[in-house]
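Reading through the C-alpha cells given below for one structure.
The values are calculated or read from the model by the stated rules, or taken from the named source; none is laboratory data. Note that the structure is a prediction, hence the values are computed from the model and not measured. A quick note on method: Cβ atoms are made from the backbone with ideal geometry, for glycine too, and the neighbour counts reach across all protein chains shown. For the accessible areas, the whole protein counts, side chains as well, though only heavy atoms, and no ligand, DNA or RNA atoms are used. Shrake-Rupley method; radii C 1.70, N 1.55, O 1.52, S 1.80 Å.
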Amino acid sequence: MAETCSAFQVPSKRLENETQILDFRLSKAYNTYLRFILKLDESVRGKDNDTDCLVSEVTNSLLQILNTIDRWIDEIPPLVQPTRFGNKAFYFFCQRLATDSEELIVSNIPAADEAGEEVAAYFINAFGDPLRIDYGTGHEMNFACFLCCLDQLGLVSSDDYTAIVLKVFNRYVDIMRRLQTVYLLEPAGSRGVWGLDDFHFLPFLWGASQLIGHKYIKPKSYRYKETVEGFATKYMFLNAIQFINSVKTVSLAEHSPMLNDITVVPSWEKVNSGLLKMYKVEVLHKFAVVQHFLFGSILSLDHDPDVDEETIRKEEAAKAALCAHGNKDFPCCSASIRIPSALAAKSIPQAGPIVKPY
C-alpha cells in the first residue's frame, strides 16, 4: 500500500513524445500499475467466474457504482442517425460521467472522500472518448488504474483481488460491451487484424490465467463453437471469443489471425506469459496509448528507485534502433488504424444476394 498522500491532485497527462516512454517505465506509476495487474492475474489462476470468493463491502460498493452506470445507459438512449459511425448520444453519456462520477464514487465508498477527485479522473476516462466516440485498451487501462488507486489507498485488500476480477471487472466488461453496442463505439487505436482485439486486452490476459491447469479446455479448444458457447459464462477468455464471433461474420482465422495463432500454443501458462509480454509491448510501451496516461499523487511520474534502470534503458535503446527505419511503412511501429465499428457495420441492413453476370 502506498503512503497516505498529504495532498491529492487532479491527475494530468505528462507524456509528450516517444522518448518519454523511458521515463514512464522508470516511474512509480508504471511499476505500481504493472505489479497490480500481475497480482490480479495470479488471484484468478485456475478459477472460473463461479468460484466462491470473498465479496467485501468495497466490492459490493464497486458493483453498485457500475450498476448505476448501467442505468445511465437506459436513461440516455441513442439518437436516430446513420448507423455507420458512433452514436452522438454517447457524448451526453460521457457528460454525465464527468459531472456525477466523483459524487457517485464517494457516496458508495465514503473512505475515498479526500481522494475522490483524483480517483474519479481515472473512472471518468474508463468508458471511452466523448468526441471521437471510441473505446480502446487505454480506456480499459484507466479502469484498472481506478482499481489500482483504491488498492494503493488501502480501500481494496489482497483478499479482494479475486472478486475484483471475477465480479467487478467482469461487470465492467459487460457494461462496455453494452456501450459498444448501444452507441456503436468505434475501436480506438485498433490495428485491425494485426491486433488481438478491437477493444479489450485484459479479459484475454486474465482469462488465460483462469484456464491454467484446466483438464479439458486447451488453447486449441476455442476453435470450436461448442466449447466457446458451452463455457463462455465461466471464463473471460472464451466470453471474449464469443463476443467477437457474434459481431464478425467470417472465420476466426480471417477476422482475428492473432487469436487464431494462439490456438497452436501448447498450454495456457504459455498463452498467459505471452499475453503479458504483448500487453507490455502493445499497450504499456506504446506512446499512442500511454500518451493519455494520467499522473497524480497516487500514480506518479516520480522515479521508482526499485526498478532495474540499466536493463530498461538498454531495452528502450534497442527498440529505438529497431524502429530507426521510420514509422509509416511497418506494422510493428505504425500508427493505429482508424476503422469503423464492426458493431455499426453489422447494424446496417444487408443487401440482397449478389447476382453474377453469368
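Quick one, could you list the DSSP H helices from the chain stretching 15 Å or more along their long axis (Cα atoms) with average Kyte-Doolittle hydropathy of 0.5 or above?
Result, helices passing both filters: 236-247.
In the chain, helical runs assigned H by DSSP with n ≥ 4 each contribute -39500 (n - 2.57); averaged across all residues and rounded to the nearest 500, the mean residue ellipticity at 222 nm is -14500 deg cm²/dmol. Computed over the chain, relative contact order equals 31 percent, with contacts defined as Cα pairs under 8 Å that lie 6+ residues apart.
Every Cα-Cα pair of segment 212-253 was included, and the share exceeding 17 Å stands at 22 percent.
Centre-to-centre separation between the Cα atoms of segment 208-237 and those of segment 269-304: 27 Å. Taking amide hydrogens as placed 1.01 Å from N in the peptide plane, the amide H of Ser27 sits under 5 Å from those of Asp304, each at least 5 positions away in sequence or on another chain.
Computed on segment 134-211, with alpha-carbon pairs under 8 angstrom and 6+ residues apart, the relative contact order is 49 percent.
Between Ser12 and Arg35, what length comes free when the chain is fully extended (0.36 nm per residue of separation minus the Cα-Cα distance, one decimal in nm)?
Extra length available between Ser12 and Arg35 comes to 6.1 nm.
Only Cα sites of segment 16-76 enter the Debye sum here, all with the same form factor; the resulting log10 I(q)/I(0) across q = 0.15, 0.18, 0.27 1/Å is -0.80, -0.89, -1.08, listed in q order. When only the Cβ of Lys, Arg, Asp and Glu is charged (+1, +1, -1, -1), the dipole of the chain relative to its Cα centre reaches about 1760 debye. Between Glu269 and Lys220, residue separation times 0.36 nm minus the direct Cα-Cα distance comes to 16.3 nm. Rolling a 1.4 Å probe across the protein heavy atoms gives the chain an accessible surface of 48 Å² per residue.
For the peptides 261-267, 26-32, the ranking by packing is 26-32, 261-267, with the highest mean count of neighbouring Cβ atoms within 10 Å listed first.
A cut-off of 5 Å between modelled amide H atoms, ignoring neighbours fewer than 5 places along the same chain, links Phe295 with Ser12, Lys13, Arg14. Spin-label pair Lys319-Val80: with each label point 7 Å from Cα along the Cα-Cβ axis, the two points sit 4.9 nm from one another. Taken one residue at a time, the phi angles of segment 250-259 give Karplus couplings (6.51, -1.76, 1.60, θ = phi - 60°) of 7, 6, 4, 4, 8, 8, 9, x, 5, 5 Hz. Gly and Pro are set to x.
Radius of gyration over Kirkwood radius for the chain, both on Cα atoms: the Rg/Rh ratio is 0.96.
Which of the trypsin sites (Lys or Arg not before Pro) found in segment 248-326 are in a DSSP loop and have at most 11 neighbouring Cβ atoms, other than their own, within 10 Å?
Working: sites: Lys248, Lys270, Lys277, Lys280, Lys286, Arg313, Lys314, Lys319; in loops: Lys248, Lys286.
Those that pass, being in a loop and sparsely packed, number zero.
Placing a label point 7 Å from the Cα of Ser107 along the Cα-to-Cβ direction, the residues of segment 123-152 whose backbone N falls under 17 Å from that point are 124.
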